[in-house]
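Enquirer: First the structure, then my questions, so here it is.
The values are calculated or read from the model by the stated rules, or taken from the named source; none is laboratory data. It should be emphasised that the depicted structure is a prediction, and the values quoted were computed from it without experimental measurement. Here Cβ is always computed from backbone atoms with ideal geometry, including for glycine, and neighbour counts include all displayed protein chains.
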Amino acid sequence: MIWLKAGALSMFITIALGAFGAHALKSRLDPAMMEIYKTAVFYQAIHALALVMLDSVASRYGVRVTPAGWFFVAGTILFSGSLYALAFTGQKMWGAVTPLGGLCFLGGWAAVFFLRK
């Protein structure tokens with residue numbers, strides 16, 4: 001149930017940030033920063049749905065999905081969070097954090113691949 005709730009919370013935040021970006025930020029961010037912002041929203045949405053999927057897989061197949069879930073949460077914070085920070089501040093140092101989030105996403109999908117009953 002924890003991954004369902006984590007996914008729902010993440011998707012709630014994703015929808016709010018997506019709407020905020022489309023309405024409030026469109027005139028405030030330059031096009032390059034807006035694309036970065038959109039990438040953050042996109043990857044957060046995908047992995048919010050992945051968290052919901054993990055809950056379903058755990059319930060249906062009785063497998064332990066905790067490592068994948070934590071990788072997806074960490075990936076969202078590091079990848080999307082760093083891109084949001086980059087878009088808002090323009091500080092390029094945030095770009096150095098983004099690959100760590102990408103590695104977490106990869107780790108989560110690898111953990112899903114290696115699930116066993």
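Enquirer: When you look at Phe72, is it aromatic (Phe, Trp, Tyr) and either surrounded by fewer than 17 Cβ atoms within 10 Å (Cβ to Cβ) or more than 30 Å from Arg116 (Cβ to Cβ) (or both), yes or no? Step through it out loud before you land on a result.
Expert: On the way: aromatic (Phe, Trp, Tyr): yes; either surrounded by fewer than 17 Cβ atoms within 10 Å (Cβ to Cβ) or more than 30 Å from Arg116 (Cβ to Cβ) (or both): no.
When the stated conditions are applied, Phe72 does not pass them.
Enquirer: Might you check whether a residue that is within 19 Å of Gly107 (Cα to Cα) and aliphatic (A, V, I, L, M) occurs anywhere in the stretch 13-32?
Expert: No - not one qualifying residue is present in the stretch 13-32.
Enquirer: Can you give me the ranges of the helices (runs of 4 or more DSSP H) entirely in the stretch 15-107 with at least 3 residues that are closer than 15 Å to Leu4 by Cα?
Expert: Filter on the stretch 15-107 gives 31-61, 66-75.
Enquirer: Does Thr89 qualify as being under 13 Å from Gly21 (Cβ atoms), out of contact with any Asp or Glu (no Cβ under 7 Å at 6 or more places or on another chain) and surrounded by fewer than 22 Cβ atoms within 10 Å (Cβ to Cβ)? Let's see the steps before the verdict.
Expert: Numbers: under 13 Å from Gly21 (Cβ atoms): no; out of contact with any Asp or Glu (no Cβ under 7 Å at 6 or more places or on another chain): yes; surrounded by fewer than 22 Cβ atoms within 10 Å (Cβ to Cβ): yes.
Spelling it out, it is not the case that Thr89 is under 13 Å from Gly21 (Cβ atoms), out of contact with any Asp or Glu (no Cβ under 7 Å at 6 or more places or on another chain) and surrounded by fewer than 22 Cβ atoms within 10 Å (Cβ to Cβ).
Enquirer: On the basis of being more than 24 Å from Lys117 (Cβ to Cβ), out of contact with any Gly (no Cβ under 9 Å at 6 or more places or on another chain), in a helix (DSSP H, G or I) and modelled with pLDDT under 95, does Phe12 make the cut? Reasoning before the result, please.
Expert: Values: more than 24 Å from Lys117 (Cβ to Cβ): yes; out of contact with any Gly (no Cβ under 9 Å at 6 or more places or on another chain): yes; in a helix (DSSP H, G or I): yes; modelled with pLDDT under 95: no.
Spelling it out, it is not the case that Phe12 is more than 24 Å from Lys117 (Cβ to Cβ), out of contact with any Gly (no Cβ under 9 Å at 6 or more places or on another chain), in a helix (DSSP H, G or I) and modelled with pLDDT under 95.
Enquirer: Name the single residue, out of those in the stretch 1-57 being among the charged types (D, E, K, R) and surrounded by 14 or more Cβ atoms within 10 Å (Cβ to Cβ), that is farthest from the chain's Cα centre (by Cα).
Expert: Only one residue fits best here, namely Asp55.
Enquirer: Give me the pairs, please: first residue somewhere in the stretch 21-50 and over 21 Å from Pro99 (Cβ atoms) and of a type in the set (Phe, Trp, Tyr), second residue anywhere and modelled with pLDDT under 95 and not in a helix (DSSP H, G or I), beta-carbon distance under 6 Å, and either six or more positions apart or on two chains.
Expert: Correct list of pairs: empty, since none qualify.
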